[in-house]
Amino acid sequence: MLDPFPINFPLIKTGSVYTFISNSGIEYEVRFARKKNNLLHSTIAFGVINDEFEGEEYVLTNKNEAYKVMATIVTIFLNYKKEHPNINTYEFVGEPTASETAEFPHKRLTLYKRYLPYIFNNKWEKKVNGNRVIISKI
């Protein structure tokens, strides 16, 4: 796996918002949020936060940095897991690209699922339901 981009960790060690800037100047945010009805269930959202993309956080930047971006997200995820060892469920949604349907964004989910083994061992169960991926401790 590639080395990650430099990460801006939360000011509070157990914080939930991380940012980083790629070599091409694209700024990304990775945010973890607990479910209100289950504090041991965390959702993850990540995307671009540059003003030039007019608030479209799931935009395709086409800067040939996807693998290094994913390596950075893996590093962030591993840090979050270390700081929150009791979380037993993680969830994320693969947003569709402009050429895909909302029900099944194949390109992003395929990329995301490729990196799950770096984060989760065989003590975690991975389920895909449409564009939603839920990873739960067995």
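The values are calculated or read from the model by the stated rules, or taken from the named source; none is laboratory data. Bear in mind the structure is a predicted one, so any value in this text is a computation, not a measurement. Using ideal geometry, Cβ is built from the backbone for each residue, glycine included, and neighbour counts are taken over all protein chains shown.
Scanning for something in a loop (DSSP other than H, G, I, E, B), buried (at least 17 other Cβ atoms within 10 Å of the Cβ) and modelled with pLDDT of 90 or more, does segment 104-125 turn up at least one residue?
yes
Looking at segment 8-33, which of its residues are under 14 Å from the mean Cα position of the chain (by Cα) and within 19 Å of Tyr90 (Cβ to Cβ)?
Scanning segment 8-33 gives Ser16, Val17, Tyr18, Tyr28, Glu29, Val30, Arg31, Phe32, Ala33.
Considering only residues of segment 1-47 that are of a type in the set (Asp, Glu) and in contact (Cβ under 8 Å) with a residue 24 or more places away in the chain, which is surrounded by the fewest Cβ atoms within 10 Å (Cβ to Cβ)?
For segment 1-47, the residue satisfying everything is Asp3.
Mind counting the residues in segment 126-138 that are exposed (fewer than 12 other Cβ atoms within 10 Å of the Cβ) and out of contact with any Asp or Glu (no Cβ under 9 Å at 6 or more places or on another chain)?
Residues that pass the stated criteria total 2.
Looking at segment 10-43, which of its residues are in contact with a helix residue (DSSP H, G or I) (Cβ under 7 Å, 6 or more places away or on another chain) and under 22 Å from Ala66 (Cβ atoms)?
Result: Tyr18, Phe20, Ser22, Tyr28, Val30, Phe32.
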